[in-house]
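The next block holds one structure in the form of structure tokens; read it before the comments.
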Amino acid sequence: MDAWGLTETAGVATSNSPKTGFRLGSVGRPVESVEIRIAEDGEILVRGSSVFSGYLRPDGSVRSALDAGGWFATGDIGRIDEDGYLWLTDRKKEMIITSTGKNVSPALVENALKEHPLIGQAMVHGDNRSYLVALLVLDAEAAPAWAAANGVEAEGGTDRAGATPRRPGGGGPRGGRRQHPAQPHGAGQAVRAAGRGVGSGDRRADPVAQCALEIQVF
């Protein structure tokens with residue numbers, strides 16, 4: 001059962017439990033000594049007897065970390081649902097603010113991308129831009145298995161020092177690019193092949209596979 005807290009809250013601030021209730025995906029409700037509210041920008045604020053008063057300075061004095069109302073800004077972004085359960089979204093310092101003024105949580109976009117079985121990792125960027133871009137890393141187990149099942153192969157054996165991907169059935173290097181050592185052999189071809197036949201006329205088109213057509217492996 002998930003719980004949430006910081007050093008500054010002396011441990012747990014919210015918790016799911018048999019006593020207070022449980023909601024899958026949330027970090028529960030505030031414990032008795034803590035109040036929680038969400039600031040206008042989405043930051044989680046906490047107040048209570050278990051929240052510290054400030055940071056110790058070298059001279060022994062304490063630098064207050066609380067606002068005039070006694071609230072501590074946690075740096076986490078989240079929301080509170082209608083039943084009082086807290087849901088974590090992202091870290092405030094990692095929020096993307098586009099040039100059009102939109103606040104975007106990269107974690108939500110990254111998690112959506114990683115729902116595709118061929119994508120193992122994703123990193124979204126777009127601060128001060130009018131659009132988002134993503135760096136995608138193929139799943140080291142799923143991508144080679146998919147490639148083998150769909151007849152996508154790469155020559156080069158087990159050498160991980162930088163094999164050159166080739167088209168199935170032989171042929172020259174694909175564009176002369178060398179595969180990155182961290183990628184499984186044929187992984188780039190697997191993603192490109194995953195998008196083959198996906199076009200504007202295919203109503204079943206996978207949007208991630210369409211994006212995969214633009215991925216280049218260096």
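Values for this structure:
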read-out	value
Condition met for Leu118 (under 30 Å from Ala143 (Cβ atoms) and open to solvent by 70 Å² or more (accessible area, probe 1.4 Å))	no
Condition broken by Thr100, with the remaining ones in (1) loosely packed, with under 11 Cβ neighbours inside 10 Å; (2) in a strand (DSSP E or B) satisfied	(2)
Counted residues, region 93-114 - those being out of contact with any Gly (no Cβ under 8 Å at 6 or more places or on another chain) and touching a residue at least 60 places away in the same chain (Cβ under 8 Å)	1
Test result for Asp2, free of Cβ contacts under 8 Å to residues at least 60 places away in the same chain, within 26 Å of Ile96 (Cβ to Cβ), open to solvent by 40 Å² or more (accessible area, probe 1.4 Å) and out of contact with any Gly (no Cβ under 9 Å at 6 or more places or on another chain)	no
In region 127-152, the residues that are part of a loop (DSSP other than H, G, I, E, B) and either at negative phi or touching a residue at least 40 places away in the same chain (Cβ under 8 Å) (or both)	Asp127, Arg129, Ser130, Tyr131, Leu132, Asp139, Ala140, Glu141, Asn150, Val152
Ser61 being among the polar types (S, T, N, Q) and either within 21 Å of Ser17 (Cα to Cα) or open to solvent by 70 Å² or more (accessible area, probe 1.4 Å) (or both)	no
Residue that is at pLDDT 90 or above, of a type in the set (Lys, Arg) and over 13 Å from Ala73 (Cα atoms), where the choices are Arg29, Arg47, Arg37	Arg29
Residues (part of a loop (DSSP other than H, G, I, E, B) and either without any contact (Cβ under 8 Å) to a residue 12 or more places away in the chain or open to solvent by less than 40 Å² (accessible area, probe 1.4 Å) (or both)) located in region 21-39	Leu24, Ser26, Val27, Gly28, Glu32, Ala39
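The values are calculated or read from the model by the stated rules, or taken from the named source; none is laboratory data. Keep in mind it's a predicted model, so treat the numbers as computed, not measured. Here Cβ is always computed from backbone atoms with ideal geometry, including for glycine, and neighbour counts include all displayed protein chains. Just the protein is used for accessible areas: all its heavy atoms, side chains included, with ligands, DNA and RNA removed. Shrake-Rupley method; radii C 1.70, N 1.55, O 1.52, S 1.80 Å.
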